[in-house]
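Remarks on the structure that follows.
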Amino acid sequence: MNGIIFDLQRASFVDGPGVRTTVFFKGCNLNCLWCHNPEGINPKRALLRYPEKCSACGKCTAICPTKQSDCMLCGKCALLCPNDALELCGRIVSVDDVFAEIEKDRAYYEKSGGGVTFSGGECMLQIDFLEEILKKCKDANISTAIDTAGNVAWSHFERVMPYTDIFLYDVKCISGRLHIQGTGVSNKQIKENLIKLASQFSGKIVVRIPVIGGYNATHEEMNAIAEFLASLNISQVELLPYHKLGMHKNEAAGVSYKDFTEPPTDFLTEWKNRLNSII
Ligand code: SF4
Ligand code: SF4
């Protein structure tokens, strides 16, 4: 079985415990205005252009089979461009291809308590592909994590829970109006799925909250999140402060974005402590 990914990072330390391999699935059904992986939103392969890097040398047009009139995503121009002004984003890969990469770092996972994290985009949208890789990792005794925004049918969770050790579950805000403003979609299903997951999943659930100045970095919204999480069986809460890395990719990916601000450190410290004390 094949799927589409836009990145695979080995030796990662940010998406779960220990040394990890993170696989970024392509395609997402949210459109967060602060997204720092905007190239992962479109579910299809695409040619990204960074005009600010282009020196107008003309090599891309010269090598292009269609003279850049009707791109067929061959990738020749991106390989040739001397300034990395072009990038072919998205790779069709098989379960075996991805597993072969994951398996390379097995010794590091064992030593560090790490494993593999499936992220994105939204990895749960490619549910057949995800389920098959998860099964393969579990059969090989490799620890697994899913990083999800939770906006999928509950049946998807039921399919992957038996092969998953950790869920990294994003909660952006509790206000439905604010959620639609920031992501383009309602958070009704996201909240319902987290409530069900917390009552049925026996592994670890880490709730991750992107904290964004000018959006949800208010005591009012953090209080609402605290109230929502207080009655759920959550292992840990992580705050992910807004940063501007990746913003240069929005225009290349054709994704709209807004320039938010980084939240104050004392606000982050206060809410990290408060949220972890109530769960
Ligand atoms: S090859 Fe790269 S630098 Fe040259 S014109 Fe094309 S995009 Fe610009
Ligand atoms: S990816 Fe291939 S077809 Fe598309 S613009 Fe580049 S060289 Fe042309």
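The values are calculated or read from the model by the stated rules, or taken from the named source; none is laboratory data. Bear in mind the structure is a predicted one, so any value in this text is a computation, not a measurement. Please note: Cβ atoms are built from the backbone with ideal geometry, for glycine as well, and neighbour counts cover all protein chains shown. Heads up: the accessible areas ignore ligands, DNA and RNA and are worked out on the full protein's heavy atoms, side chains in. Shrake-Rupley method; radii C 1.70, N 1.55, O 1.52, S 1.80 Å.
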- [ ] Out of the residues in region 68-109 that are assigned to a loop (DSSP other than H, G, I, E, B) and open to solvent by less than 40 Å² (accessible area, probe 1.4 Å), state the one that is farthest from ligand 1 (Cβ to nearest atom).
- [x] D105
Task: Output for region 184-203, where each listed residue is assigned to a loop (DSSP other than H, G, I, E, B) and more than 15 Å from T164 (Cα to Cα) - done: G184, V185, S186, N187
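Given the structure, is C28 in contact with a Pro (Cβ under 9 Å, 6 or more places away or on another chain) and closer than 16 Å to L79 by Cα?
Spelling it out, it is not the case that C28 is in contact with a Pro (Cβ under 9 Å, 6 or more places away or on another chain) and closer than 16 Å to L79 by Cα.
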TODO: Kindly establish whether G114 is over 24 Å from the mean Cα position of the chain (by Cα), surrounded by 11 or more Cβ atoms within 10 Å (Cβ to Cβ) and away from ligand 1 (no atom under 12 Å from the Cβ).
DONE: no
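Yes/no matrix, rows are residues, columns are (1) over 22 Å from the mean Cα position of the chain (by Cα); (2) in contact (Cβ under 8 Å) with a residue 60 or more places away in the chain:
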position	(1), (2)
Q189	no, no
L197	no, no
Y215	no, yes
E220	yes, no
L245	no, yes
Y257	no, yes
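Test of understanding: among N216, N187, which residue is buried (at least 22 other Cβ atoms within 10 Å of the Cβ) and in contact with a His (Cβ under 7 Å, 6 or more places away or on another chain)?
Residue meeting the stated conditions: N187.
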Open item on the list: Which count do you get for residues in region 248-279 that are among the basic types (K, R), assigned to a helix (DSSP H, G or I) and touching a Leu at 6+ places or on another chain (Cβ under 6 Å)?
Closed with: 1
Open item on the list: Just the residues that are within 25 Å of F260 (Cβ to Cβ), open to solvent by less than 40 Å² (accessible area, probe 1.4 Å) and assigned to a strand (DSSP E or B), please, taken from region 1-24.
Closed with: F6, S12, T22, F24
Open item on the list: List pairs: first residue in region 73-92 and within 20 Å of G40 (Cβ to Cβ) and within 11 Å of ligand 2 (Cβ to nearest atom), second residue open to solvent by 50 Å² or more (accessible area, probe 1.4 Å) and not basic (K, R) anywhere in the structure, Cβ distance under 6 angstrom, at least six positions apart or on different chains.
Closed with: G75/L88; A78/E87; A78/L88
Open item on the list: Being touching a Leu at 6+ places or on another chain (Cβ under 9 Å) and within 28 Å of Q68 (Cα to Cα) is the filter here; which residues of region 1-23 pass it?
Closed with: G3
TODO: Could you list all residues from region 181-219 that are within 24 Å of E270 (Cα to Cα) and among the small types (G, A, S)?
DONE: G182, G213, G214, A217
Open item on the list: I'd like the residue in region 35-67 that is surrounded by fewer than 18 Cβ atoms within 10 Å (Cβ to Cβ) and part of a helix (DSSP H, G or I) and, out of all such residues, is farthest from ligand 2 (Cβ to nearest atom).
Closed with: E52
TODO: Working carefully through the options S231, S202, S186, find the one that is under 26 Å from P38 (Cα atoms) and out of contact with any Phe, Trp or Tyr (no Cβ under 9 Å at 6 or more places or on another chain).
DONE: S186
